[in-house]
Structures are given as C-alpha cells and as structure tokens.
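Beneath this line is the structure, given in structure tokens, with notes to follow.
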6 protein chains.
Amino acid sequence: MRTAIFPGSFDPFTLGHMDVLESSLKLFDNIIIAVGFNSAKEKGYFKPELRVEMIKDIIRDKKNISVCSYSELTVELCKKLNVNYIVRGLRTTTDFELESVIAQANKKMKKDILTVFIPACQEYSFISSTVVRDVLIHNGDASMFLPENIDIEKYIEMNRK
Amino acid sequence: MRTAIFPGSFDPFTLGHMDVLESSLKLFDNIIIAVGFNSAKEKGYFKPELRVEMIKDIIRDKKNISVCSYSELTVELCKKLNVNYIVRGLRTTTDFELESVIAQANKKMKKDILTVFIPACQEYSFISSTVVRDVLIHNGDASMFLPENIDIEKYIEMNRK
Amino acid sequence: MRTAIFPGSFDPFTLGHMDVLESSLKLFDNIIIAVGFNSAKEKGYFKPELRVEMIKDIIRDKKNISVCSYSELTVELCKKLNVNYIVRGLRTTTDFELESVIAQANKKMKKDILTVFIPACQEYSFISSTVVRDVLIHNGDASMFLPENIDIEKYIEMNRK
Amino acid sequence: MRTAIFPGSFDPFTLGHMDVLESSLKLFDNIIIAVGFNSAKEKGYFKPELRVEMIKDIIRDKKNISVCSYSELTVELCKKLNVNYIVRGLRTTTDFELESVIAQANKKMKKDILTVFIPACQEYSFISSTVVRDVLIHNGDASMFLPENIDIEKYIEMNRK
Amino acid sequence: MRTAIFPGSFDPFTLGHMDVLESSLKLFDNIIIAVGFNSAKEKGYFKPELRVEMIKDIIRDKKNISVCSYSELTVELCKKLNVNYIVRGLRTTTDFELESVIAQANKKMKKDILTVFIPACQEYSFISSTVVRDVLIHNGDASMFLPENIDIEKYIEMNRK
Amino acid sequence: MRTAIFPGSFDPFTLGHMDVLESSLKLFDNIIIAVGFNSAKEKGYFKPELRVEMIKDIIRDKKNISVCSYSELTVELCKKLNVNYIVRGLRTTTDFELESVIAQANKKMKKDILTVFIPACQEYSFISSTVVRDVLIHNGDASMFLPENIDIEKYIEMNRK
C-alpha cells in the first residue's frame, strides 16, 4: 500500500490539478490532497477552509482520495501522516526549478521522502491557479479551467462572507 | 486594416517598450497601448492615470497610436474594442513562459485572438520597468532607460501628490 | 501589402508548422515558406526537394502562400525577395533563446528586418520535427503529427530512392 | 503489481542513473531498464550490448530489476512488454523541456502511458553520461561518477575490440 | 589589491552564501558583504540590523571580510566605497536571468563595474534564504542550512522584540 | 599573482570572447586562452592550429595573455599549468546550465579549481561562434562579429588548404 500526499495551495483546484490527481491514482493506492496555508503569508483568494470544501465537492464520487489542510512544513505533515511520497505536477521550467529545490530540501530534512513529478498534460498545460484567479477577480467565466462538477459561483459567494 | 493592443502595466513605459511599439507599427496599422491595472492587486509605483499621461506625452508626435487604461480581462478589452491581435515584447525565458501561458489562456477564452511576440532588441534587453522603478525609488538617474522626450522628474513630482 | 518569410528546415512540415502558418496568414498578406538546407551540414531525413514537394502538396488549396528552398543566409534571402518580415514559431524556452539570438544577429546584418514570434498553440506544443522523424525512423505511425491531407508513406517511399 | 520501464541510452550507466533507479524501486514493484539504440543514429561510445552487460553487472545483487535493449519506439516497447509506466530522471531545465515533449508525444501515441519524473538528487546532479564519456575519451578517472561495483576499465577494454 | 562587494538581502545568510563568500576570497583580496534593504519594500523576516549582526557573528574569525548595510542603489554604494567588482552566486536559470539583467543595468549606470558570477556548489545548490525562512516560519530545524557557528535561536528571539 | 585559463573551442574567437577576455584581465593577472580540441569529436570549421594563430594575431598588442591548444581534460590542463581558476562567459540559460554542470564536475575532479562566470555584455550577447560560422559558411560578411584587427579572409583562405 503506497500513500502519497499531493500538497499545494489549490487556490482554487483546477483541471490541471485534476489531471495530476488522476495520474497519481495510477501510481499510488491512496492520495491525500493537502491544502497548505500559512497565516503569516499572503491571504490568497479563497479562504483555506473553502478550498478544502471545494476539493471535497470535486472528489465526492472518487475513491482512495482524502483532503486535509495543513500549516506546518510539508515534511512535518509527512511525518505526522506517516507518508513517504510527495507528488507534484510540473508545467513550466520555472515550476521545475522551484520544485526541484523544494524536493531536495525536503529530502535533506527527511531522508526517506521521495518526490515524484507528473508532467502537465498538454491539454491543460496553460491552466494555472494564477490564471483562474485572474479571471475570477475580473468577473470572467473560469468554468473552462475548472472541474466540471464544481459550482464555482457558489464558492465565490461563500468566499465573500 | 489591422489593429493590435499592446497591453501592459507600463510602470513606467521604458525604452524597451518603445522599441516593441516601433516594431509593432511595422506589423499593424494601429496600436492601442492599454495600461492595465487592478484595484485589488498591488498598487505599483506610478498611479495608473499618470502612466497613461506619460505615454500620451511620449507618443504625442506619433501617428496611429492611442492609449487607454483598463481594469477588465485583456480578452474582454479586445472584445470591447473589436481587436483580434495582442502584441507583447519578450526579454527573458521567464517572460516567454509566462506570456505563453497567458496567450494560450486568452486563445481559449476568445478563439480568434492572436498573440504576437516581438523579441527585445539587444540594445535594450536589460531594461525592465522593475529595474527603472528600483532606480527611481533610490533617487537614481533613470533617464538612460526612458524615452528621450519624457520629463520623468515632473511625473515623479505629480505622483507624490 | 506585407509579405513575410517563414523559414525552417521543415524536415518534415508538421501540424505545429501548419498552426504557425495559419496564424501568420492573419498577420501578413503573403507568406513564403522557405526550406533552408546547407550541403555542408548534416543531411536531414527527407531530401530538401521532397520537403518542398510535401509543402506544395499541403498548401495546394490555400491562397497567398508560396514555397521555395534556399541555401544562403536567411537575411540574404530576405534581400533577394525584398522581404522585411521573418516569422517563427516558439514551443520551448530553448527555442526562444536560440531564436532570439538569431533574430538579433539578423537585425544586426539587415537593420530593417523584423522577426515576429508566434507561440505554439497548446494543442500542438509537443509536436516537433524531431519527434516526427523519430517516429518515422522507427516505422511508427506519425499521421497524428502531420497535416491531414499529406500522404506521408508516398514521400517516405520517394525519399528511399 | 506495477512495472515500469526506465529507458535511456545509458552510455554508460552512471551514479545519477543509479539514484533514479533506486527511487523508482520505491514506486514500482518491477523496473525494466531498457537500453535504447538506433542503428541509423550516431554510434555512441560503448557498444549497446556492452552497455547492457555493464548494467547487468551493476544490478547483479538487486531484486526486481531486469535489463533489455530495444531499437523500436519506446511506446512500442511498452506495448510489447505490456507496461504502462515510464520513469525518467530530470537534472536540468533542458532535460525537463525535452522530456516533457517526449512524454506528451508518447501519451498521444498510447493513451494509457504515464511518464513519471524523478528529480536528480543534489549529490549527483552534475553527473551526466556526456560528462563521463568526456572523461573516458580523455583517459581520465571516471570512477567517482560510476557505481562502485563496476570495473569500467574492463568494459573500455572490451569496447575497443 | 582587489576589493569586491557581495551584495544581497541575506535574510538570513546561509551555507550557500558562505560557499560563495569562500570562493570570492580566492578571487579578491577583500570582500565587503553588503546587506541591502529598502524601507519602501517588503519587510523581510529578520530586521536588517540583525542580519548584519548575524553575519558579523559568522565571520568573526575570518580575515579580509567586512559587513555593512545599505539602502541606496548598489552602483551608488560601489561609487561611495570606490569598489569596481560585484560578486553574486548563481543557483538556478531564474537567478541567472535576473542577475544578468541587473549586471547589465549596473554596467550601464557605471561603466567600470564588473559583475562576477560564482556557481553554487552542488552540495548547497538547494539552499536558498526562501527555503530557510520557510523552515523558520514553521518552527522547523534550519540548522543544516546555516553556518555552523551561528546560534539561530538567539537571533529569532532577538527578532521578536 | 592570479592566473586563469579561458578555455573554449574558439571556432572562431569573436567579439563576445574578446569582451569576456577584457573583463577577465580586470580579475586576473594573467590569462591563458586555451583552445580545446579533440580528434575523436567533430572537426569544427577552422583547424585548431589556425584558431590559435588567429588568437595570437588578435592579442598581439595585449599584455598578460598567452594562447595554447590542448586535447586533454580541462582539469588536467589546469594541473599541468598549475592554474586554479577557470573563466567562462555566459550568454543564455542554456549556457548557464551546461557550464554549471561542467564547473561542478571539474570541482569534483580537482577540489581547488574555481570556475568564474562573466555575463556577456549586452552589446555582444547575440554573438556566438555558431552564428559566425553560419555566416562564414554562407559567404556572408562576419566582420561585425569579430575583433577589428583580424583579417578573417586570410584565415578562411588558409583554412581551405
């Protein structure tokens, strides 16, 4: 039984993340989507608890996936959950360099951590949370960037409260 | 008649932007310089209305160029202005990756949009608005990075008010 | 009337090239596809005259496009044809860096040359002539990477003679 | 039971490859190291059959690993072996871009193929087969780049025959 | 006698910086570590005066090194100190592009400035101040990323006041 | 007294190399330009002995510079000449990645070697030997890419013999 965490800020969870998630399910028996946030850092667009709710909504009919939020170091979460695999999607060379440094630092802090990279599928390679947030901030239609079964309007409404 | 928008934050408009503008005039019959800003995002250095004024000043003797500011999505501006071409300058590989993602997302949202990239000319390849702002913040002399006919001191003064 | 050359080795012309060609037709009134080859360099896979034939075949129903082959410097071809625009597609950051250097060198050798970059559309971003040649060399099915109306088997056959 | 192929030219198999192999064994139940070569392409340094022998030598005490050579497309090998996973190590952004294109092309040719990237460990990030070949060509000592249990002199000698 | 400044935000000074410093001492007779900060910009994690204190602590047994803080342009500091060399470490391609632009802009503003790049040693290539701050913010153990003779807990405590 | 080698294939020595050379003279007391070639590899354009002659011609009025050719590993040359510094120019991120790997491998093979990178000056950033060779192969005018005091036609003539 291999369990991996799929950490990210998921602000919000996009079709690109969905594709990485589906690829990960072919590699691991269980995936824990871990929504990271840090009160000291910038706030983001969606409140962390809403990001978790959205993901729960998106994966409601899927097996072997769970969701949690965390505010500690990713390696600390791995220790707590007794997980040795981290999975991350890669779209650009900038992603690659950033993620490589993090993977090496994580390995330094916890020797038995293995980070696995999944290349973005070509169809969704241009979808990033940044693009989606930019569309949402400008009241544009972001539905083409998001999983089909998510009612983004509902979450935007909830986020305003 | 081909009209393109040349979108950017232009905080401020530099010699590098001027070079892209002049190249664009060889490709298009009209260029609309579109100063993007977003109240929800970081403020920038120059107030958006001043950036527009500066550009008007810079292009005052040039034909076939106009300036506007906008706060909607770039594709929404294109729809409103009935323009199908976007022109962007490229300096670095980081620019290229970021701009490619945006170009693909824009095409996804408006099928007939064509984004055209102009490579930075070698002479101005090191000039970015970030560098210029950094010089201005430190009270340095930024005139070598800016179009000749602009009185930057005047705008810095106006920006303080 | 704006005419551009679209230079390349086109060994062979792929769906990715087709996409750049179609975008170019929105920017220019005429496009000259220029198949570059150099007897002193490596031979390539398809003979240059066959590459030209293939492209003629591919564009047979399209207007405002012509094909030629050339073995001189690209700027020399531009002078000969009295053309001031060069169009190139960009897929990766490696493409970008290589093409930027060439664009700057070309501008140095002929001041009024403007090189325009078209970003690869996301759908074909993974298609390169290298990938196609690799598939062909291994007798794989490359039809999904090539324009629909081309009978690649015929050209492979002709190339063997 | 998950089986992956680890394809490459392995000319020769380095400590960097060894690190990717060991990481892969944590992800998959079986790994097939697949030495690719193509008579039509450049010859390489070590003869393909020697590269296979060297790897057999290196993994002689390890379980769940096998070695083969192949000259078809990687996706064809996957079909033949009924394998749906490909594992590749990544060192540089150049690697990343090249491998992403190949992964996407492979997925296009065989829908259920999943390519997984393992980041080079920091300790061996500077070791490439190119560097090793360069040292060997100049009669330098390459032992620090190679798995401990390999007698590289023996294979250099065998390669000369 | 060649003196260089080694400018940076050093928030905090890491093992990676130490490695660049030690390489620089082989190139220059004196090194001035210059801690840059700007009241108008983001605050950073450690207060600038603490960063200077930490570095003084780290280099207390080393010769030919001094530390200062500055808030002007780096070229202005060079003029004031009558120094013509700037030394910077490079870890990633993103570093390289950013630093190249700054080096060219600095040369434009002060003709006789020479910027020298030192490649990160492979052992510390994954250590950045960003990674260290992230560990510190999450109350993790960052000692493996920091010079041995520094009592980071003391400075975290002082930073809180 | 600090002596550095400036290794390269210099096929041919360009204005870009000249700029790196002049920067190096500000850092080191002596520079040895080392023309590397390898009989087992591709031949290049100019014969190695002609490349050396050209450089001698170019530096004939300069002090503290010498030229040699070598066919061993660069670290072996360093040992032979008792030199601990290597200087290399960087133009692109591709250069940077390649050179970083080589610098780290060299350091692994000879602990006290320090590789120093000089960023290409913006004026010559588009000049590479590849571009120059391409111009020469096509009988173009490459004089704008080459040091002023070199009679390239003479060397082309000598190279033909």
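Taking B:V131, is it open to solvent by less than 70 Å² (accessible area, probe 1.4 Å), within 14 Å of chain E (Cβ to nearest Cβ) and modelled with pLDDT under 95? Don't jump to the end; show me each part of the working.
Values: open to solvent by less than 70 Å² (accessible area, probe 1.4 Å): yes; within 14 Å of chain E (Cβ to nearest Cβ): yes; modelled with pLDDT under 95: yes.
It is true that B:V131 is open to solvent by less than 70 Å² (accessible area, probe 1.4 Å), within 14 Å of chain E (Cβ to nearest Cβ) and modelled with pLDDT under 95.
Which residue pairs have Cβ atoms under 9 Å apart, sit 6 or more places apart or on different chains, and have a first residue in the stretch C:8-21 that is within 14 Å of C:R51 (Cβ to Cβ) and a second that is assigned to a loop (DSSP other than H, G, I, E, B) and open to solvent by 20 Å² or more (accessible area, probe 1.4 Å)?
These pairs meet every condition: C:S9/C:F37; C:S9/C:G44; C:D11/C:F37; C:D11/C:G44; C:D11/C:Y45; C:P12/C:Y45; C:P12/C:I150; C:F13/C:I150.
Restricting the search to the stretch E:88-128, which residues are aromatic (F, W, Y) and either open to solvent by 20 Å² or more (accessible area, probe 1.4 Å) or in a helix (DSSP H, G or I) (or both)?
Correct list: E:F96, E:Y124.
Looking at the stretch F:142-157 only, could you name the residues that are open to solvent by less than 60 Å² (accessible area, probe 1.4 Å) and hydroxyl-bearing (S, T, Y)?
Correct list: F:Y155 only.
Among the candidates D:V116, D:V87, which residue alone is within 30 Å of E:T92 (Cβ to Cβ), more than 8 Å from every other protein chain (Cβ to nearest Cβ), touching a helix residue (DSSP H, G or I) at 6+ places or on another chain (Cβ under 7 Å) and at pLDDT 95 or above?
Within the list D:V116, D:V87, the selection yields D:V87.
Considering each of B:K47, B:K26, B:K56 in turn, give the residue that is under 20 Å from B:L146 (Cβ atoms) and more than 14 Å from the chain's Cα centre (by Cα).
Working: B:K26 fails: under 20 Å from B:L146 (Cβ atoms); B:K56 fails: more than 14 Å from the chain's Cα centre (by Cα).
On inspection, the qualifying residue turns out to be B:K47.
So which residues in the stretch A:33-80 are assigned to a helix (DSSP H, G or I), within 17 Å of A:L15 (Cα to Cα) and out of contact with any helix residue (DSSP H, G or I) (no Cβ under 6 Å at 6 or more places or on another chain)?
Hits for the stretch A:33-80 are A:R51, A:V52, A:E53, A:I55, A:K56, A:D57, A:I58.
It is to be established whether one or more residues within the stretch D:59-81 are touching a Ser or Thr at 6+ places or on another chain (Cβ under 6 Å) and not basic (K, R).
Checked against the condition, which is being touching a Ser or Thr at 6+ places or on another chain (Cβ under 6 Å) and not basic (K, R), the stretch D:59-81 yields no hits at all.
Can you tell me how many residues within the stretch F:1-32 are in a loop (DSSP other than H, G, I, E, B) and among the hydroxyl-bearing types (S, T, Y)?
Residues that pass the stated criteria total 2.
Only one of E:R60, E:R51 is open to solvent by 20 Å² or more (accessible area, probe 1.4 Å) and either touching an Asp or Glu at 6+ places or on another chain (Cβ under 6 Å) or among the basic types (K, R) (or both). Can you tell me which?
E:R60
Looking at (1) within 12 Å of chain B (Cβ to nearest Cβ); (2) in contact with a strand residue (DSSP E or B) (Cβ under 7 Å, 6 or more places away or on another chain), which is the one condition that is false for E:A105?
(2)
When you go through (1) buried (at least 20 other Cβ atoms within 10 Å of the Cβ); (2) within 12 Å of another protein chain (Cβ to nearest Cβ) one by one for C:N38, which number turns out not to apply?
If we test C:N38 against (1) buried (at least 20 other Cβ atoms within 10 Å of the Cβ); (2) within 12 Å of another protein chain (Cβ to nearest Cβ), just (1) comes out false.
Would you check which residues across the stretch F:70-87 are under 23 Å from F:E22 (Cα atoms) and open to solvent by 60 Å² or more (accessible area, probe 1.4 Å) and list them?
F:L81, F:N82
Do we have E:N139 as open to solvent by 10 Å² or more (accessible area, probe 1.4 Å), of a type in the set (S, T, N, Q) and either within 14 Å of chain B (Cβ to nearest Cβ) or not in a loop (DSSP other than H, G, I, E, B) (or both) here?
So E:N139 does not fit the description; no.
Being among the charged types (D, E, K, R) and not in a helix (DSSP H, G or I) is the filter here, so list the residues in the stretch B:142-161 that pass it.
Result: B:E148, B:D151, B:K161.
The values are calculated or read from the model by the stated rules, or taken from the named source; none is laboratory data. Keep in mind it's a predicted model, so treat the numbers as computed, not measured. Counting neighbours? That spans all protein chains shown, and the Cβs are built from the backbone with ideal geometry, glycine included. Only protein heavy atoms, including side chains, enter the accessible area calculation; ligands, DNA and RNA are left aside. Shrake-Rupley method; radii C 1.70, N 1.55, O 1.52, S 1.80 Å.
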